[in-house]
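Data block below; observations after.
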Amino acid sequence: MVLAPHRPYTLPFMTSPIIITIVSCSLNTASLSHQLALAAEASVRAEGATADLVDLREWELPICDGAGSFRHRAVEPLSEMVDRASAILVSAPVYNYDLNAAAKNLVEMTGQAWMDKPVGFLCAAGGERSYMSPIGFANSLMFDFRCLIIPKFVYCTKADLDADGEFGAPILERVNELARTTVTLARALAWASQKP
């Protein structure tokens, strides 16, 4: 269940469609971060934008070897999905105080498609002490691809689930806030790029 969003904000004279690509990076069949991705997908749509959900469990993406792996059939369509995005939300589990290897591998395989994209994060961790874990990943996106990082991200653990295994209101509100910020920023950048 997603809390009611604010009224979508529309900039004048904006004609480009706003596409928010949400990447669910967990390969776990019972993934908490995938639940976050689904919540973000619903929130983005409630804000009036198009939500593109990429579930890495459905892609046989090879490990980047810096050579032949780039010719794999999954690389081109994934790169196109990242490239056409107005902004990207990365939803990932935290392992060893960092985002999981599948998230990093996606960036390595799709590379330049991330250039200049606004990027936000939704993280699921085993405990409360890994709150700063996305920073290394975010830094690499900023320095390598000039991404604009949305500073306020979503971080949750199993303690944030209710008795039915659903997210409570505080987490859903943070997801809604991240979706709202992401869509508003993407609209503003699209509007600015269309100005003569």
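The values are calculated or read from the model by the stated rules, or taken from the named source; none is laboratory data. For clarity, every value in this text was computed on a predicted model and none was experimentally measured. Ideal geometry is used to build each Cβ from the backbone, glycine not excepted, and the neighbour counts take in all protein chains shown.
Tally the residues that are of a type outside the set (D, E, K, R), touching an Asp or Glu at 6+ places or on another chain (Cβ under 9 Å) and not in a strand (DSSP E or B), restricting the search to the stretch 142-169.
5
Suppose we filter the stretch 102-130 for residues that are touching a Phe, Trp or Tyr at 6+ places or on another chain (Cβ under 8 Å) and loosely packed, with under 14 Cβ neighbours inside 10 Å; how many remain?
Counting residues in the stretch 102-130 that are touching a Phe, Trp or Tyr at 6+ places or on another chain (Cβ under 8 Å) and loosely packed, with under 14 Cβ neighbours inside 10 Å gives 3.
Identify all residues within the stretch 153-192 that are exposed (fewer than 15 other Cβ atoms within 10 Å of the Cβ) and within 16 Å of I20 (Cβ to Cβ); write none if there are none.
Answer for the stretch 153-192, where residues must be exposed (fewer than 15 other Cβ atoms within 10 Å of the Cβ) and within 16 Å of I20 (Cβ to Cβ): just A188.
Identify the single condition in (1) under 15 Å from the mean Cα position of the chain (by Cα); (2) without any contact (Cβ under 8 Å) to a residue 12 or more places away in the chain; (3) over 22 Å from I19 (Cα atoms) that A30 does not satisfy, given that it satisfies every other one.
(1)
Of (1) farther than 16 Å from I22 by Cα; (2) among the hydrophobic types (A, V, I, L, M, F, W, C); (3) under 15 Å from the mean Cα position of the chain (by Cα), M109 satisfies all except one. Which?
Condition (3) is where M109 drops out.
Conditions (1) of a type in the set (A, V, I, L, M); (2) free of Cβ contacts under 8 Å to residues at least 60 places away in the same chain; (3) touching a helix residue (DSSP H, G or I) at 6+ places or on another chain (Cβ under 7 Å), marked per residue:
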position	(1), (2), (3)
I88	yes, no, yes
Y97	no, yes, yes
A113	yes, yes, yes
G120	no, no, yes
Y131	no, yes, no
S140	no, yes, no
F145	no, yes, yes
Y155	no, yes, no
F167	no, no, yes
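Go through the stretch 13-47 and count every residue that is surrounded by fewer than 17 Cβ atoms within 10 Å (Cβ to Cβ), closer than 16 Å to L189 by Cβ and not hydrophobic (A, V, I, L, M, F, W, C).
3
With the structure loaded, tell me whether A74 is at negative phi and at pLDDT 95 or above or whether it fails that test.
Judged against the criteria, A74 is not a match.
Cβ-Cβ under 9 Å, sequence separation 6+ or interchain: first residue in the stretch 177-188 and closer than 10 Å to I150 by Cβ and modelled with pLDDT under 95, partner surrounded by fewer than 23 Cβ atoms within 10 Å (Cβ to Cβ) and of a type in the set (V, I, T). Which pairs?
Filtered contacts from the stretch 177-188: no entries.
Are there any pairs, at least 6 apart or on different chains, whose C-beta atoms fall under 6 Å, with the first in the stretch 42-61 and free of Cβ contacts under 8 Å to residues at least 40 places away in the same chain and within 25 Å of R180 (Cβ to Cβ) and the second crowded, with 17+ Cβ neighbours inside 10 Å and of a type in the set (S, T, Y), and if so, which?
From residues that are free of Cβ contacts under 8 Å to residues at least 40 places away in the same chain and within 25 Å of R180 (Cβ to Cβ), the pairs are D52/T21; D55/S24.
Among the numbered criteria (1) closer than 22 Å to D52 by Cβ; (2) at pLDDT below 95; (3) not small (G, A, S), which one does I150 miss?
Only one criterion in (1) closer than 22 Å to D52 by Cβ; (2) at pLDDT below 95; (3) not small (G, A, S) is unmet by I150, namely (2).
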